[in-house]
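The values are calculated or read from the model by the stated rules, or taken from the named source; none is laboratory data. This one's a predicted model, so the numbers in the text were calculated from it and none came from an experiment. Reconstructed Cβ throughout: ideal geometry from the backbone, glycine too, with neighbour counts over all protein chains shown. Quick note on the areas: whole protein, heavy atoms, side chains included, nothing else; ligands and nucleic acids left out. Shrake-Rupley method; radii C 1.70, N 1.55, O 1.52, S 1.80 Å.
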Amino acid sequence: MSHRNFRRTLILLQFAFLLLQSSLQAQVNPYQYGGLKHANYAHVAAASAHPLASEVGSTVMKQGGNAVDAAIAMQWALAVVYPGAGNIGGGGFMVARLANGKELTIDYREMAPASAHHDMYIDEGTGKANLKKSQLGHLASGVPGTVAGLFAAHKYAKLTMRQLIAPAILLAEKGFVITEAEARGLNGYASNFKAANTIMPVFLKDGGWKAGDTLVQKDLAETLKRIQQHGADGFYKGKTAKLVADEMKRGGGIITEADMGAYKAKERQPLRTTYRGYEIVGMPPPSSGGVLLAQMLAMLEPYRLDSLGLHSAAAMQLIIEAERLAYADRAEHLGDADFYPVPTRGLMDRAYARERFTKQYTPGVAGKSTMVKAGVPAKQSEETTHLSVADAEGNVVAVTTTLNGGYGSCTVVGGAGFLLNNEMDDFSVQPGVPNMYGALGGEANAIAAGKRMLSSMTPTLVLKDGKPFMVVGTPGGTTIITSVLQSILHIIDFQSNAMDAVNLPKFHHQWYPDVVAVENDFEPALLEQLKAMGYTLAPRGSIGRVELILRSPRGGWEVVADKRGDDSVAGY
Ligand code: GLY
């Protein structure tokens, strides 16, 4: 390269870097950044799975945006910097409370394409479900909802969508350095990327990825620019929709341009319950999280967990048995309420939940899932990511969003640069056949065209004295609901500090398999006590990645990002 060309390239690179910096006004540099796990901020707080996304959220609020603006900009940014779960090719739920007291939820869960049908994963020859098809590659994807959801949320935001999407475009176009965990993730999924793609995506690298490598996503940047220019139509119509349909045709999938054009996000009435004087605001079906959380809290409220003690065998037994019963109801009764008569209120009914619990619970003796069936409700609801945001006006937002498995279906839309979900596996593909999280389901969650698959995502707000007190959520497939439950119990019952509420070990029971999943760092003596009660324990490396914001008694917000990943907080 001549001296003149070299100087010109250098000036261009410097200009690009300045542009990126001024757009993000970030304290972190996309080519060299760390993370922050815990902070107290006087005004605004954000937590997410990636330091750059949290910083984008904080910066957007500094520029005059509110918590909704921040959540939208963070989701766009996560789609770039956290490809394993942050997404535009997946879906999610937003639960928000605005400073004026309005509470809302936005359902942008993926939908089954028009030609999806009840038995689409059943092999004709064997009559058995082919889970490979519901989990990997083109046929595994539902019609993506995230872009529609962010535009539906935008009416509660202050800045233009052009502004909110700009940081993500720059991060995709100019690149950012990847962390050790991301390098491990991309390398670990390399064979799936090869199997699930017709055009090899940027996520494959000769010789493998290492921490500090720069990931540039030009096609994704172009897709984001089309959205910036044409709004949601830049995704659901025109070039992007055609690229999706073409990708499907090449790979044997079924999403068409018409499916893309028909997708709608929905605003739904939040679910509300109370627990020991706190108000809980959660997500209704197609999330199972709001319903199950309310049910388990209703079962546990009569017991003095605090006097039994945090991580005592007796307190853990109560929580495990509540989890067992709630997940039995999940399998039978929960699905998309637009398609199936989900008895949401009946399942959340306190008397129903408590009667079921007292019939089943014997202190000191493990229950048996074979003895537990779904109840008859009273008459009258893992690779994912969560972000929590709170602003100075008192707006609070909890968003959980997902591609389902790590990197979703692993199919990247050729020419459009984004990963598609493998959310069809969250339907019950065949009665008695567990999905990738081991969850069972029935007719309530059977596949039908245009239906949304049941989710465990549980973005949750907790209010105290009528004001926002806690913003919480986590990824983790079916463990999401029990991790949110335990984070809430840590704070309300056990008076844990915010760091402990997020980072102390968690456990999980989901009816079937009849085992208690336990993180590695529980005391061995406690685990022996649980075994002596009759529990089968299944050690697990890690459960969930909670992002928690608490209103601080001194004013402002205390925010914690889970130690289990690259998760990071930002604010001021
Ligand atoms: N894909 C995980 C969930 O929605 O529950």
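Structure summary
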read-out: The lone exception for Phe357 - which of (1) buried (at least 19 other Cβ atoms within 10 Å of the Cβ); (2) under 24 Å from Val95 (Cα atoms) it fails; value: (2)
read-out: Residues within segment 279-296 that are within 15 Å of Ala337 (Cβ to Cβ) and of a type in the set (S, T, N, Q), tallied; value: 2
read-out: Residues of segment 314-352 satisfying the condition of being in contact with a Lys or Arg (Cβ under 6 Å, 6 or more places away or on another chain), assigned to a loop (DSSP other than H, G, I, E, B) and open to solvent by less than 10 Å² (accessible area, probe 1.4 Å); value: Asp336
read-out: Any chance Asn445 is out of contact with any helix residue (DSSP H, G or I) (no Cβ under 7 Å at 6 or more places or on another chain), within 16 Å of the ligand (Cβ to nearest atom) and more than 30 Å from Leu98 (Cβ to Cβ); value: yes
read-out: Residue in segment 483-493 that is nearest to the chain's Cα centre (by Cα), counting only those that are closer than 13 Å to Lys506 by Cβ and either in a loop (DSSP other than H, G, I, E, B) or not aliphatic (A, V, I, L, M) (or both); value: Ser483
read-out: Filter result for the condition that a residue is near the ligand (Cβ under 9 Å from one of its atoms) and open to solvent by 10 Å² or more (accessible area, probe 1.4 Å), over Met453, Met436; value: Met436
read-out: Residue list for segment 141-168, restricted to those being open to solvent by less than 10 Å² (accessible area, probe 1.4 Å) and within 23 Å of Ser409 (Cα to Cα); value: Ser141, Gly142, Val143, Pro144, Gly145, Thr146, Val147, Gly149, Leu150, Ala168
read-out: Criterion: among the aliphatic types (A, V, I, L, M) and in a strand (DSSP E or B) - qualifying residue of Ala114, Ala70, Ala47, Ala53; value: Ala47
read-out: Odd one out for Ile481, checked against (1) crowded, with 24+ Cβ neighbours inside 10 Å; (2) away from the ligand (no atom under 16 Å from the Cβ); value: (2)
read-out: Every residue from segment 360-406 that is among the hydrophobic types (A, V, I, L, M, F, W, C), crowded, with 22+ Cβ neighbours inside 10 Å and away from the ligand (no atom under 16 Å from the Cβ); value: Val389, Ala390, Val396, Val397
